[in-house]
Amino acid sequence: RADQGVGKILAALDRHNLARNTLVIYTQDNGGEWLSRNAPFFHRKDTVWEGGVRVPLIARWPARIPSRRTSPQVGMMMDLTMTLLSATGATVPADGKFDGTDLLAVLEGKAQPFERTLFFRNTVGPQRTQRAVRRGDWKVLADGPNVMVFNLREDPGERNDLARTR
C-alpha cells in the first residue's frame, strides 16, 4: 500500500507539472518489525544490528538529483534536517546546533561520498543495553556484555565476529 500511495503522490506531482522542482524523500526510521524479512541484514527494529538501523533512502528531485543513481554514502535520519535546510536555501543560525550532516551535494553527484563515524544505542528491557559505532566498513557492536567487530562490506549480515583478530 505504501508503494501505491507513493505512486499516486508522484503521479499527482507529474500531472501538475511540479515534479521537476519538488524533492521527494522516501525512507524509514529503522528496520522492519519482527515479522519482516531484513535479509541479508541480521535482526530487526529496536536493535543496533544492521537489520535494525540500516534502511534505504530514495530521493527524487529531477531538477537536481540524477535519476537511477545509487550512492554508498552512510547517513542517519538527523541528516535530513541539514539536507532539507540546504535544499531550501535556508540560513542556519550561527548558534544552531544540529546533529546531522548536509548530504545534498552527495545526492546531487557534486561531491564524493565521505567517511564518517556513526553511533547507535538502544535499551532492550531493564537489564540489557546495545551500543554500536560504525566508521567506514567497520562496526563495533556491544550487545549486553558481548562486544563484536564486523566488516560490513564483507559481512553485511554481521555473522563473522572479528573481535579476536581485530
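The values are calculated or read from the model by the stated rules, or taken from the named source; none is laboratory data. Quick caveat, the model's predicted, so the values are computed rather than measured. FYI the Cβ positions are ideal-geometry reconstructions off the backbone, even for glycines, and counts take in every protein chain you see. Keep in mind that these areas ignore ligands, DNA and RNA; they rest on the heavy atoms of the full protein, side chains included. Shrake-Rupley method; radii C 1.70, N 1.55, O 1.52, S 1.80 Å.
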Exercise. Determine the dipole magnitude for segment 90-166: charges of +1 sit on the beta-carbon of Lys and Arg, -1 on that of Asp and Glu, nothing else is charged, the reference point is the Cα centre, and the result goes in debye to the nearest 20.
Key: 280 debye
Quiz prompt | Dipole magnitude of segment 6-49 about its Cα centre (Cβ charges: Lys, Arg +1; Asp, Glu -1), debye to nearest 20 | solution = 160 debye
Quiz item: Between Lys110 and Arg1, what is the label-to-label distance in nm when each label sits 7 Å out along the Cα-to-Cβ direction?
Solution: 3.9 nm
Practice problem: Of the listed values (i) 15.8; (ii) 18.0; (iii) 18.9, grab the one calculated as Kirkwood radius over Cα pairs in Å from the structure here. | Solution: (ii)
Exercise. Please name which of Leu104, Thr83, Ile9 has its Cα lying farthest along the dipole of the chain towards the positive end, using unit charges on Cβ (Lys, Arg +1; Asp, Glu -1) and the Cα centre as origin.
Key: Ile9
Quiz item: Once you charge only the Cβ atoms, +1 for Lys and Arg and -1 for Asp and Glu, what is the size of the charge dipole of the chain about its Cα centre, to the nearest 20 debye?
Solution: 260 debye
Quiz item: Which percent of the Cα-Cα distances in segment 42-138 go past 21 Å?
Solution: 44 percent
Quiz item: Where the accessible area of segment 44-166 is counted over protein heavy atoms with a 1.4 Å probe, how much of it, in %, is carbon and sulfur?
Solution: 51 percent
Quiz item: To the nearest 10 degrees, how steeply does helix 2-15 sit against the main Cα axis of the chain, on a 0 to 90 scale?
Solution: 20 degrees
Practice problem: Give the peptides 135-146, 2-13 in descending order of average Cβ contacts within 10 Å, highest first. | Solution: 135-146, 2-13
Quiz prompt | Residue-by-residue Karplus 3J(HN,Hα) for segment 88-102, coefficients 6.51, -1.76, 1.60, Hz, glycine and proline x | solution = 8, x, 5, 8, 8, x, 4, 8, x, 10, 10, 7, x, 10, 6
Quiz item: Out of segment 57-101, which trypsin sites (Lys or Arg not before Pro) are coil in DSSP terms and have no more than 11 other C-beta atoms within 10 Å?
Solution: Arg68, Arg69, Lys97
Self-check item: Dipole axis of segment 19-166 (+1 Lys, Arg; -1 Asp, Glu on Cβ), positive-most option in His43, Pro126, Pro66
Solution: Pro66
Practice problem: Can you work out the accessible area per residue across the chain, with the rest of the protein chains kept in place, probe 1.4 Å, in square angstrom? | Solution: 68 Å²
Exercise. Once you have a ≥ b ≥ c as the square roots of the Cα gyration tensor eigenvalues for segment 1-83, tell me rounded if a/c is under 1.5, and otherwise prolate or oblate according to whether a/b is larger than b/c.
Key: prolate
